[in-house]
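Let me begin by presenting the structure, written as structure tokens, before commenting on it.
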Amino acid sequence: MSRVWAMPQLWALLILAPAYMYVGQAQRMVTIQDGPLYRVKGFHVAITCSVSGFKGKAEQDFGFSAYRATRPEQEIQIISTEGAGFTYAAFSKRVRGKDIWIERLSGSSVVFHINNALLEDTAEIECHTPNTDGAYFGTYNAKTSLHVVEDNLNAIYSGPSSVPLFEGDTLQLECQASSQTLHHTHLSVTWLLHGNGEAEPRPVIGLDRDLTVRPGAGYEERYNSRQVLIEKVEETRYQLRMAKLQQGDQGRIFCRVQEWIQDPDRSWVNVAERDAQAADVAVKAVDIAADSFAARIDVAKADLQEGEAVEVRCSVQTQKLPELFFTVAWFKGEQELVRLGPRGRLTVASAYERREREGELRAAKTTEKDYLLTLRPVSAEDQGAYQCRVWLEQRSPSGVFSQGQSEQSQPQQVTITPKVSGLRVSMVPSLSVTEGAPLTLSCNVSGPHGELSVAWRHRTDSQGSSFSDVVSLSREGVMELDPQFSQRPALRTFRLADGTVVLEMGEAGVADAGVYECTVSEWSRDSGGEVKTTFSPSQECSVQVTTLDELVKVALRSRSVNVEVNKEIRLLCDVRAPKVPLSVTWLYLQTPSSKPQTVVSLLHTGDVIWGRERDGYQLSTIVTAEHTQYALAVTKASLRNSGLYKCEVGAYLGQTQRANKPSYPLGVQVRKPASTLSVTPSPPQRSVVNSDIQVSCTVAKATSNSSRFNVTWHVGGRVVAGSDRDGVVMLHDAGKRTGMSTIPGPTFQLALRQTGASDSGVYMCQVQEWLQDPSGEWYSLPSQNATVDVTISEKPAPVKGSPDVTIPVCVVVMVILAGALVFLAVMLRKATKSQKVNKNSLWAKSNPANQAERFFNHEETKAEAAM
């Protein structure tokens, strides 16, 4: 399946296409639900996506992909309406299991669903549509940000699991609902009844996220008459109260807590839901004779803590309730606490008179059949077995009451335990921070009842060592640092408006790793006015400090490790590291065993220090979101640039180096260019003895216009003459019968004087080419050879038709004598002009190219002497 999403290609098509193609044409537009979207782990995620302004088929295809923060440039394809082949392996199992699916709302609109969100689903979610328009015009994809957070929703029911009641009784249940999420959310609480034999639970009454009360179907009238109520009594406590219970009210009653968050489009979304434990409520029918009654006792909560309230309800069950009068008394053990007469007069035992005056004891008739005793707050002395006794009061015509028969309820045991605070403390169990980054710990506090103080402690390992104090915050808000941290900059602790306690430690160091303990103490005053700690819960968080040395990653790479002289070398030192000051040093090694030489250092302060001779090195930096590349380049490479290169990266905190990471060495080879040298020889030479001949070779083609050459003439395995690349001639013939010169071409000439038969042979001209690299160093290229055949005969070949000539002996003798005279004349001339001769010799040595000319001058001198 092909997709074209590259924007540069899309814009290129738009630019190249004729303008008239888009006149009146609708522009495709893909839209996705605005983000960021915050959802809870384990719960449902739904993201809408639609397309408009398209051509082609009415039912468009949609695909969804993820771009995670760890590798934002990598697309991970999740699901598509076009088929299963779209899905990558990371999501294939969940797609096959229908945990991830697409719901089509219309041909141009779909909903992307995740049934059970995972933390790793946090990503940029992209919705895209394939092109069906014939040409690219518009946008074909859109993205939104999805964040999946931990589930911190709590729903707790702490009452009895079984609640037996009679018709007409009052039911009171309590549920605690809270969430520790860091995001702004609202909670809704609904009480539901799952009746016996019913398929689904039905709502009784609920409190919406905006604190609006909503009675369930069938409970509206009872809500309006205040028989069914829901009340938020504290920050996290929600009570259900149902008066005049009916047979249809029995079943499993529980509270359901839902967490809501508002999306950027202002809509509210249910992101988490939790049901508390249910209470099994049984409602029995009242079966009492017409002329009798029964007394029942009910304690809303029998297991109490000091400071809470106990409510002891006495109920009278009878068929003629509106016509009768009763006196009700409450007992604890054998002791009567209070009595409520038929006219509502209250009689309190002497031991409870003070509590009645101070409002701690109250007794009242709440309904036609219910009488309620309340003790608040309770203490350990209030523990015991409670009973109520009911007397039927007979009223005379004069209005005087007289007691008749009585009924006593079964005892109800009430247990009072020492006060347990509602204070709760929570922290994330573990945290990872980079060395040098700020270390921030949050201690979430909920349900406090009094003044609070906070203490932070630290130990260096997860077990074994003891905690040491770090910083504390008194109940008055005064911060106190432990002496060992008194010089630590940017260390503080404080409380936020929502009660969260924060510890900040500035730049984290390796020594800051370990376990941190947050202890929150609740304070209260006793009856004597003394302030004391009542509850001090603690939580721990394990902190890992990842060192810069672990995080700094260095890699050296290049696409130009084997280059020709004068070409560019470019080395890239790729560095992945936190946002801290870095230094980069480039090192050069001629061989693996040689001592490294510093090429250049880019200090963390921004200064640049060159070490090795610069040799045309250039330094540049490329910074991206993921990494930084430091480039070392040589625009024109020379042979001396061959060798091993490394880059070393240092990471700093302040002015202190905390990490030093070298790269692996990378070998660079600078090679000579391929030679294109071509040499051509002169034609073969034929001559006779005592003659002068000249052979030559010419450079037909050179590798470079700036090439130089050294030339050597060989014959019969011996060197005759040569010249170096600077043109300095070297003659090797002891008889000084050779000369060498260079003429433009360049052509290299070898002159042979007074040749003999032994001078015959194959003369080889060996030419070696020299070039100069950018550093000024000369280097040679492979030599090229050319050969010239030379043949020297003893006498000239006879000319056809000429007579045979014989030289007389006298002529030979005369020639010998003439030669002797010439020799004597030459020696005499040398003696008289030795200074001139010495000067000429020096000139010939300093300019070997003129040796051949000196040779000819010598011959001319002999000729003059002969004359």
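Observations on the model:
- Meets criteria (outside any strand (DSSP E or B) and surrounded by fewer than 21 Cβ atoms within 10 Å (Cβ to Cβ)) for Glu124: no
- Tally, over segment 675-706, of residues that are free of Cβ contacts under 8 Å to residues at least 24 places away in the same chain and either of a type in the set (Asp, Glu) or out of contact with any Ser or Thr (no Cβ under 8 Å at 6 or more places or on another chain) (or both): 1
- Identity of the residue in segment 213-262, among the acidic types (Asp, Glu) and surrounded by fewer than 17 Cβ atoms within 10 Å (Cβ to Cβ), that ends up nearest to Leu173 (Cα to Cα): Glu231
- Residue match in segment 534-555 (condition: without any contact (Cβ under 8 Å) to a residue 60 or more places away in the chain, open to solvent by 70 Å² or more (accessible area, probe 1.4 Å), assigned to a strand (DSSP E or B) and polar (S, T, N, Q)): no
- Residue that is farthest from Asn710 (Cα to Cα), among those in segment 671-692 that are assigned to a loop (DSSP other than H, G, I, E, B) and polar (S, T, N, Q): Asn690
- When Val378, Val328, Val390, Val338 are checked against the criterion of being open to solvent by less than 60 Å² (accessible area, probe 1.4 Å), of a type outside the set (Gly, Ala, Ser), in contact (Cβ under 8 Å) with a residue 24 or more places away in the chain and under 30 Å from Phe535 (Cβ atoms), a single residue qualifies: Val378.
- Qualifying residue in segment 62-71 (condition: on the phi > 0 side of the Ramachandran plot and surrounded by 14 or more Cβ atoms within 10 Å (Cβ to Cβ)): no
- Looking only at residues in segment 715-733 that are farther than 19 Å from Thr747 by Cα and of a type in the set (D, E, K, R), the one that is farthest from the chain's Cα centre (by Cα) is Asp733.
- Residue in segment 698-717 that is basic (Lys, Arg) and either at pLDDT 95 or above or over 29 Å from Thr635 (Cβ atoms) (or both) present: no
- Selection status of Ile205, modelled with pLDDT of 95 or more, within 22 Å of Ser315 (Cβ to Cβ) and either within 48 Å of the chain's Cα centre (by Cα) or polar (S, T, N, Q) (or both): no
- Where Gly56 falls short, out of the listed (1) at pLDDT 90 or above; (2) more than 31 Å from the chain's Cα centre (by Cα); (3) at positive phi; (4) of a type outside the set (Lys, Arg): (1)
- The condition of being open to solvent by 30 Å² or more (accessible area, probe 1.4 Å) and touching a residue at least 60 places away in the same chain (Cβ under 8 Å) holds for only one of Ser50, Ser109, that being Ser50.
- In the set Ala285, Ala363, Ala302, Ala279, only one residue is small (Gly, Ala, Ser) and open to solvent by 30 Å² or more (accessible area, probe 1.4 Å); that residue is Ala285.
- Restricted to strands (runs of 3 or more DSSP E) entirely inside segment 707-748, those with at least 1 residues that are in contact with a Cys (Cβ under 8 Å, 6 or more places away or on another chain), open to solvent by less than 10 Å² (accessible area, probe 1.4 Å) and in contact (Cβ under 8 Å) with a residue 24 or more places away in the chain are 708-715.
- Residue count for segment 601-644 under the criterion of being of a type outside the set (Gly, Ala, Ser) and farther than 19 Å from Val552 by Cβ: the result is 18.
- Among the conditions (1) open to solvent by 60 Å² or more (accessible area, probe 1.4 Å); (2) modelled with pLDDT of 85 or more; (3) touching a Gly at 6+ places or on another chain (Cβ under 7 Å), Lys419 misses just one, which is (2).
- Of all residues in segment 456-495 being acidic (Asp, Glu) and not in a loop (DSSP other than H, G, I, E, B), the one that is most open to solvent (accessible area, probe 1.4 Å): Glu480
- Residue in segment 439-455 that is part of a loop (DSSP other than H, G, I, E, B), open to solvent by 20 Å² or more (accessible area, probe 1.4 Å) and on the phi > 0 side of the Ramachandran plot present: yes
- Residues being part of a strand (DSSP E or B), within 30 Å of Cys127 (Cα to Cα) and either out of contact with any Ser or Thr (no Cβ under 8 Å at 6 or more places or on another chain) or among the acidic types (Asp, Glu) (or both) - total across segment 142-173: 3
- Every condition in (1) closer than 30 Å to Met505 by Cα; (2) modelled with pLDDT under 85; (3) over 30 Å from the mean Cα position of the chain (by Cα) holds for Asp461 except the one numbered (3).
- Among the residues of segment 468-486, just one is among the polar types (S, T, N, Q), at pLDDT below 90 and more than 20 Å from Ala513 (Cβ to Cβ), namely Ser486.
- In segment 665-688 there is no residue matching the filter, namely being more than 30 Å from Thr747 (Cα to Cα), surrounded by fewer than 17 Cβ atoms within 10 Å (Cβ to Cβ) and touching an Asp or Glu at 6+ places or on another chain (Cβ under 8 Å).
- Among the residues of segment 749-788, those identified as part of a loop (DSSP other than H, G, I, E, B) and not hydrophobic (A, V, I, L, M, F, W, C) are Arg753, Gln754, Thr755, Gly756, Ser760, Asp773, Pro774, Ser775, Gly776, Glu777, Pro782, Ser783.
The values are calculated or read from the model by the stated rules, or taken from the named source; none is laboratory data. Here the structure is a predicted model, which means the values were calculated and not measured. So basically every Cβ, Gly included, is an ideal-geometry build from the backbone, and we count neighbours across all protein chains shown. Surface areas here come from the heavy atoms of the whole protein model, side chains and all, with no ligands, DNA or RNA. Shrake-Rupley method; radii C 1.70, N 1.55, O 1.52, S 1.80 Å.
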